[in-house]
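Asker: My questions all concern the structure below.
The values are calculated or read from the model by the stated rules, or taken from the named source; none is laboratory data. Predicted model only: the values in this text are computed from it and were never measured. For neighbour counting, all protein chains shown are included, and Cβ atoms are generated from backbone atoms with ideal geometry for every residue, glycine included. Protein only, heavy atoms only, side chains kept; ligands, DNA and RNA dropped before computing areas. Shrake-Rupley method; radii C 1.70, N 1.55, O 1.52, S 1.80 Å.
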Amino acid sequence: GFSGHAALGNEEWNPWEGEEKNELVASQQRYEANLKMIKNARSHLEQTSLRVQIWGKAAIGLYLWQHIFGGHLQPADVTAQWREGSQKTGRTYFSFITGPSVVPGYFSVEAENVVLVLNGREKAKIAYATQWLHYAQTLIQTHKIQHVAVVLLGNEQCNNEWIQPYLKRNGGFVNLLFVTYDYALVNEGDVFQWPLGVATYRNFPVVEPSWSMLHDPRTYLCNFLGTVYKNSSRETLMEILKQEGLDKLCWIGAREQWQPQETNESFKNYQDALLQSDLTLCPVGINTECYRIYEACSYGSLPVIEDIMTPGDCGNSSMYHSAPLQLLKTMGAPFIFIKNWKELPAVLEKEKKMNLQEKIQRRKKLIEWYQNFKAWMRQKFINTLENSFLPSDKG
């Protein structure tokens, strides 16, 4: 300030000096702020310590990318030969490729870490999945990539033995396995349970909750659109609905044969049924977990789930004290679980007594839970990859 003036004495006095000084200080601050920003951006770039390429070779890859990650794909056309997308999350940069043109050896591998999304549901699919695993193994042996994780549409009876030799713990090269259904080898260490999700192979969309979805009264108490297999609990369900005259209050569309492909009309019908009913009935099929559970959540229709273990090797471990649907139960899914369809009339009686306000609250809770569930799965997936693939700071 002024003391400096006094000392110099003979300098000309500058009335604007104060403003210039302020300007200098301000520009200094701007410079430092910019420097900090550049430093941050740089450390942010350095923080992208992981580049992961996801090869979507099974429809559950679309559930992972579009529903759980909220990612987009170009082109939007679902029939395109090649579709891709990317996003940065945390310290990881993800790219996703899918489509019939994604063939081993005919595309550029653009990351040192790969997530392979495979279908292991039946023999033919396993043969195809194995080709991909061998391709990934070659890339590891030639040091083109460093780590491999697999997201597997598992077998509905949990016969997934074929994948085991590929796991690192068994001398293979697969670091992590995320697998659908209550697979007994899930240990939260290198094998994790993964949600089945919606039927993306039938192009079930990402649904954004709307005001009317939450607030409008719905015409039906419940819905069931599906195949009624001979001698299954689904037959029992149909009988109970008929006996009690409840089929008049519910949207029931039963067919005797499974249809893999949705027509525009059949999808619109199904979508309307979910939107127009308060409850969606989920009888067991080959496995208790089905696409319907997640599809109902998307439209705020509460799943009523037949909570029984299906035949096979699912859930045969001490870990699975809450199987079936261990993953959904652990995550506190606000569903109605019943052991026998004979309990349904009582559930529907209670339903009749609920007022719209209570139903609105329940829908909000369901949709919020489902959004949180997807966000949690995404975070868990990313954390698991980062913890496994990034070098630890322990030296």
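Asker: Compute the FRET efficiency between residue 36 and residue 392 as 1/(1 + (r/R0)^6), taking r as their Cβ-Cβ distance and R0 = 35 Å, and round to the nearest 0.05.
Answerer: The value I calculate is 0.75.
Asker: What is the dipole size for segment 49-180, taken about its Cα centre, with +1 at each Lys and Arg Cβ and -1 at each Asp and Glu Cβ, in debye to the nearest 20?
Answerer: Charge dipole of segment 49-180: 240 debye, to the nearest 20.
Asker: With respect to the cross-link table entries 242/342; 125/329; 230/352; 268/342; 268/364, which display a Cα-Cα separation exceeding 19 Å?
Answerer: From the list (242/342; 125/329; 230/352; 268/342; 268/364), the Cα-Cα distance tops 19 Å for 125/329; 230/352; 268/342; 268/364.
Asker: Given a cut-off of 25 Å, what percent of all Cα-Cα pairs of segment 144-272 lie beyond it?
Answerer: Tail fraction, whole percent: 51.
Asker: List the residues, sorted by chain then number, that are 5 or more residues from residue 178 or on another chain and whose placed amide H is less than 5 Å from its amide H.
Answerer: 150, 151, 152, 192
Asker: Carbon-plus-sulfur fraction of the accessible area of the chain, 1.4 Å probe, in percent?
Answerer: On the way: 10730 of 20350 Å².
Of the solvent-accessible surface of the chain, carbon and sulfur hold 53 percent.
Asker: Which value, in Å to one decimal place, does the Kirkwood hydrodynamic radius take for segment 111-157 when every pair of different Cα atoms is included?
Answerer: 11.1
Asker: Another question, if that's okay. If you line up the long axis of helix 344-353 against the longest principal axis of the chain, both from Cα atoms, how many degrees apart are they, to the nearest 10?
Answerer: 60
Asker: Amide H to amide H, which residues 5 or more places from residue 302 or on other chains are under 5 Å from it, using H placed in the peptide plane?
Answerer: Amide H to amide H, under 5 Å and 5 or more residues apart or across chains, residue 302 pairs with 279, 280.
Asker: So what's the angle, to the nearest 10 degrees on a 0 to 90 scale, between helix 123-141 and the longest Cα principal axis of the chain?
Answerer: On a 0 to 90 degree scale, this one is about 20.
Asker: Another one. If one computes P(r) from the Cα atoms of segment 202-372, what percent of pairs lie at distances over 20 Å?
Answerer: When all Cα pairs of segment 202-372 are counted, 52 percent exceed 20 Å.
Asker: Then there is this: So what are the ³J(HN,Hα) numbers for segment 244-250, from phi and the Karplus equation (6.51, -1.76, 1.60; θ = phi - 60°), rounded to whole Hz, Gly and Pro as x?
Answerer: Listing the rounded values in order: 8, x, 7, 5, 6, 8, 10 Hz.
Asker: Starting with the highest mean, order 104-115, 190-201 by the number of other Cβ atoms within 10 Å, averaged over the residues of each peptide.
Answerer: Going by the mean number of other Cβ atoms within 10 Å, highest first, we get 190-201, 104-115.
Asker: I want to verify the translational diffusion coefficient of the chain in µm²/s; compute it with Stokes-Einstein, Rh as the Kirkwood radius over Cα pairs, at 37 °C and 0.692 mPa s.
Answerer: Rounded, D is 136 µm²/s.
Asker: Expressed in nm to one decimal, what extension gain is obtained for the pair residue 144 and residue 243 from 0.36 nm per residue of sequence separation less their Cα-Cα distance?
Answerer: Values: separation 99, 0.36 × 99 = 35.64 nm, distance 6.37 nm.
That works out to 29.3 nm of additional length.
Asker: Relative to the longest principal axis of the C-alpha atoms of the chain, give the angle of the C-alpha long axis of helix 264-276, reported between 0 and 90° and rounded to the nearest 10°.
Answerer: 90
Asker: Any idea how far apart residue 79 and residue 322 come out in nm if each label point goes 7 Å out from Cα toward Cβ?
Answerer: In this crude spin-label approximation the distance works out to 4.4 nm.
Asker: Further, regarding this structure: What order do you get for 335-345, 208-218, 283-293, 163-173 when each peptide is scored by the mean count of other beta carbon atoms within 10 Å, highest first? Numbers along the way, then the final one.
Answerer: Values: 335-345: 16.6, 208-218: 13.0, 283-293: 21.5, 163-173: 15.1.
The packing order, highest mean first, is 283-293, 335-345, 163-173, 208-218.
Asker: Here's another thing I want to ask about it. I'm a student and want to see the number: the projected area of the Cα convex hull of segment 49-180, averaged over all directions, in nm².
Answerer: One quarter of the hull surface, i.e. the mean projection, equals 8.0 nm².
Asker: Show me the GluC sites (Glu not before Pro) within segment 201-287 that DSSP assigns to loop and that have at most 13 other Cβ atoms within 10 Å of their Cβ.
Answerer: 256
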